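Scroll down for the structure; my scribbles are underneath it.
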Amino acid sequence: RSGDEVAQVMDDLARQNTFYLEAMVTPQGAASILLGAQVGWKDDFAAQKAANLTAGLDDLVTAAIAQTDAMEARAREVLKCGTAQARPGCQVTVRYLVQTNRIVPLPATFAQLQLGVALIGRDRRWVGLQMVAPEDHPNALANYRTHMRMVAFLTENGALAPAALHAGELTLKYATPEDLSFHIAEAVRVAGARRIGHGVDLPHEDGAEALAAEMAAKGVLVEVNLTSNHVILETSGPDHPYAWMRQRGVPVSLSTDDSGILRIDLSHEYARAVSEGGAGYEDLRRSARNAIAFSFLAGEGLWTDPGRYRRPHRACAGQLGKAEPRPGPCAALIAASDKAREQWRHERLLKAFEAGR
């Protein structure tokens, strides 16, 4: 019932004045694992890629597109979009991250990543790669460096598809000091990840200060999941590196992780950031802006300094927060860019919210 699930998330987000979603979905998950098992492991990335194509990987991409069509049609049906009874969720823009599994055998992980890159190239609704499952699982630990090289190879170092990788969802309770010393660095420097999910072990990485400075300079954002990290890793309050990352200029954005499992929502995470993470209003406002600025939406953004938000794009200077852009360069930018369009909506709603505080 994936369409029903997407509809539920869309409606929940609209209720919280959140109108852009990157949902993590595993397209053709079982089929891609089976294809990997049939092909086996070649121990050569180029040979593996060719063998997967011969085995019918492109057919899985076509099936995934059809699956996406059906999922979205069902979501719109549930939300009654296009009717007088349309629910608020119809206003939410949805894109998808290809969620791949790091604990299945290597041929299966490779097939899922390869399918993901191909799907992103063929369907604009799919915008990036993600890698999930317990990072402390024996398979995940044994294959971590290989997984990062897979991502680099298949994405051609990010040229074909951006990656947002769960990395550093570890503590000393779950992994050795050695394992805590390199996962985020490998995700950033080898796989070329543009976003990091969790990042809890960042202060434990070798050369942590230099790595944090590099992430700040490159604009590698960390998706912070406060409740998830408390429940799963037993890390919260001053033990969580949320404040540590902010102090070093690492871009951060609050997210829910498993909201359906943990029975939370995004507003809950914002409240927790204040009560336990020392966040102020400016931190919350920056988190919301970061969520769009560092998204994988297509097109140029409205800010020339994402993460700081002091310099709007020259075409729209003096217009952010207005109901509509003036005809001309700003209107043309918004019409041509998915990212600029979502940022324009956010700035308009933010101005209205702040005017009513």
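Looking at segment 169-181, can you tell me whether even one residue there is open to solvent by 60 Å² or more (accessible area, probe 1.4 Å) and touching a residue at least 40 places away in the same chain (Cβ under 8 Å)? Reasoning before the result, please.
Pass one, segment 169-181, residues open to solvent by 60 Å² or more (accessible area, probe 1.4 Å): 172-174, 176-178.
From what's left, touching a residue at least 40 places away in the same chain (Cβ under 8 Å): 173-174.
Yes: segment 169-181 contains one or more residues that are open to solvent by 60 Å² or more (accessible area, probe 1.4 Å) and touching a residue at least 40 places away in the same chain (Cβ under 8 Å).
Based on this model, can you work out whether ALA140 counts as open to solvent by less than 30 Å² (accessible area, probe 1.4 Å), at pLDDT 95 or above and farther than 24 Å from ALA159 by Cα?
Values: open to solvent by less than 30 Å² (accessible area, probe 1.4 Å): yes; at pLDDT 95 or above: yes; farther than 24 Å from ALA159 by Cα: yes.
Yes, satisfied.
There is at least one residue in segment 115-125 that is at pLDDT 95 or above, within 19 Å of the chain's Cα centre (by Cα), open to solvent by 40 Å² or more (accessible area, probe 1.4 Å) and among the small types (Gly, Ala, Ser).
What residue, of GLU214, GLU156, is touching a residue at least 24 places away in the same chain (Cβ under 8 Å) and either among the charged types (D, E, K, R) or out of contact with any Cys (no Cβ under 8 Å at 6 or more places or on another chain) (or both)? Break it down stepwise before answering.
Values: GLU156 fails: touching a residue at least 24 places away in the same chain (Cβ under 8 Å).
None of the others qualify; the one that does is GLU214.
Screening GLY277 on (1) open to solvent by 60 Å² or more (accessible area, probe 1.4 Å); (2) at pLDDT below 95 shows it passes everything except condition (1). Could you tell me whether any residue of segment 292-304 is free of Cβ contacts under 8 Å to residues at least 12 places away in the same chain and either open to solvent by 60 Å² or more (accessible area, probe 1.4 Å) or among the charged types (D, E, K, R) (or both)? Yes, the conditions are met somewhere in segment 292-304.
I'd like to check which helices (runs of 4 or more DSSP H) are fully inside segment 1-103 and have at least 3 residues that are open to solvent by 70 Å² or more (accessible area, probe 1.4 Å), modelled with pLDDT of 95 or more and not charged (D, E, K, R). Walk me through how you get there before you give the answer.
Working: elements: 2-15, 29-39, 45-54, 57-79.
Result: 29-39.
Taken over segment 239-274, the criterion of being among the aromatic types (Phe, Trp, Tyr), open to solvent by 40 Å² or more (accessible area, probe 1.4 Å) and under 18 Å from the mean Cα position of the chain (by Cα) is satisfied by TYR270 alone. Here segment 200-229 is the region considered, the condition is being in contact with a Gly (Cβ under 6 Å, 6 or more places away or on another chain) and closer than 18 Å to PRO162 by Cα, and the residue that is surrounded by the fewest Cβ atoms within 10 Å (Cβ to Cβ) is ALA216.
Within segment 154-166, identify whether any single residue is part of a helix (DSSP H, G or I) and either under 23 Å from SER228 (Cα atoms) or among the hydrophobic types (A, V, I, L, M, F, W, C) (or both), and answer yes or no. So far as segment 154-166 goes, yes, one or more of its residues are part of a helix (DSSP H, G or I) and either under 23 Å from SER228 (Cα atoms) or among the hydrophobic types (A, V, I, L, M, F, W, C) (or both).
Comparison of ALA86, ALA64, ALA23 shows that the only residue that is small (Gly, Ala, Ser), out of contact with any Cys (no Cβ under 9 Å at 6 or more places or on another chain) and over 30 Å from LEU350 (Cα atoms) is ALA64. Looking at GLY82, GLY121, can you tell me which residue is closer than 21 Å to VAL9 by Cβ and small (Gly, Ala, Ser)? None of the other options fit; the residue is GLY82. Checked against the criterion of being closer than 25 Å to GLY128 by Cβ, part of a loop (DSSP other than H, G, I, E, B) and either charged (D, E, K, R) or open to solvent by less than 30 Å² (accessible area, probe 1.4 Å) (or both), segment 324-346 has at least one qualifying residue.
The values are calculated or read from the model by the stated rules, or taken from the named source; none is laboratory data. What you see is a predicted model; the values in this text were computed from it and never measured. Cβ atoms come from the backbone with ideal geometry, glycine included; neighbour counts cover every protein chain shown. Just so you know, the surface numbers come from the protein's heavy atoms only, side chains and all, with ligands and any DNA or RNA stripped out. Shrake-Rupley method; radii C 1.70, N 1.55, O 1.52, S 1.80 Å.
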